[in-house]
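Report on the structure given below.
The values are calculated or read from the model by the stated rules, or taken from the named source; none is laboratory data. Owing to the predicted nature of the structure, the values given are computational and were not obtained by experimental measurement. We place every Cβ from the backbone using ideal geometry, glycine too, and count neighbours over all the protein chains shown. SASA here: full protein model, heavy atoms, side chains in, ligands and nucleic acids out. Shrake-Rupley method; radii C 1.70, N 1.55, O 1.52, S 1.80 Å.
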Amino acid sequence: MSTWERYSIEARIRDILSSVPLREPNHHFGRPFLTAYQIAISFAELHRPAFDAIGLCIGGRDIGEKESLAKYFANQLSRRIRSGAITDIEGRDLDLRHLRTLAYEFRAKSVETSTETLSMFRFTGASPR
């Protein structure tokens with residue numbers, strides 16, 4: 001059984017994305033996107049035992065690791081969206097041109113992005129709750 005299946009990652013990410021509040025009930029932009037970093041941080045906060053068991057860091061610039069949870073989530077979501085296995089989550093890339101830094105807070109530490117582009121995702125289906 002894969003890590004994705006063992007820890008019900010898809011369902012947990014879907015819950016995270018579907019819980020993002022709308023700016024306004026019928027705003028023309030729809031539901032906001034979350035970056036892969038935001039998803040990874042939310043996953044770590046909400047599912048600590050699974051996060052610890054997976055054993056990947058959140059990610060970020062100068063972490064000294066080749067793999068990260070944010071990268072794993074982005075790759076898996078992208079692959080599954082492209083194959084049609086996931087139809088209620090959409091992905092986009094945010095180009096970081098002209099951005100000096102994009103930082104997140106995780107466990108009272110700053111996590112800065114480390115890539116040329118940044119994947120972001122949003123739930124497009126009806127709330128599963």
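Ranked highest first by the average count of other Cβ atoms within 10 Å around their residues, in what order do 104-113, 19-28 fall? Spell out each step's value before the answer.
Values: 104-113: 13.7, 19-28: 9.2.
Order by mean packing, descending: 104-113, 19-28.
In whole percent, and with a 1.4 Å probe on the protein chains, what portion of the accessible area of the chain is carbon and sulfur?
After summing per-atom areas, the C and S share lands at 48 percent.
Kindly report the accessible area of region 2-50 per residue (heavy atoms of protein chains, probe 1.4 Å, no ligands, DNA or RNA), in Å².
55 Å²
Pairs of alpha-carbon atoms within less than 8 angstrom and 6+ residues apart define the contacts here; what relative contact order does the chain have, in percent? Let's see the in-between values first.
Numbers: 156 pairs, mean separation 37.9, N = 129.
Result for the chain is 29 percent.
Please list, by residue number, every one of the trypsin sites (Lys or Arg not before Pro) in region 36-105 that is coil in DSSP and has at most 16 other beta-carbon atoms within 10 Å.
Answer in residue order: Arg61, Lys66, Arg97, Arg100.
Using a/c under 1.5 as the rounded threshold, could you call region 11-122 rounded, prolate or oblate? The axes a ≥ b ≥ c are square roots of the C-alpha gyration tensor eigenvalues, and prolate needs a/b larger than b/c, oblate otherwise.
Rounded, since a/c falls under 1.5.
Work through the residues other than Phe33 whose Cβ is under 13 Å from its Cβ and net out their charges, Lys, Arg +1 and Asp, Glu -1. Present the calculation step by step, with values, prior to reporting the outcome.
Numbers: positive: Arg23, Arg31, Arg92, Arg122; negative: Glu90, Asp93.
Computed value for this residue: +2.
Need the full-extension length gain, Met1 to Glu45, defined as separation in residues times 0.36 nm minus the C-alpha distance. One decimal, nm.
13.5 nm
So what's the net charge close to Glu90: Lys and Arg +1, Asp and Glu -1, counting the other residues with Cβ under 10 Å from its Cβ?
Values: positive: Arg31, Arg92, Arg122; negative: Asp88.
So the environment of Glu90 carries a net charge of +2.
Suppose R0 equals 30 Å. What FRET efficiency, 1/(1 + (r/R0)^6) with r the Cβ-Cβ distance, do Arg80 and Ser114 give to the nearest 0.05?
For Arg80 and Ser114, the calculated efficiency is 0.85.
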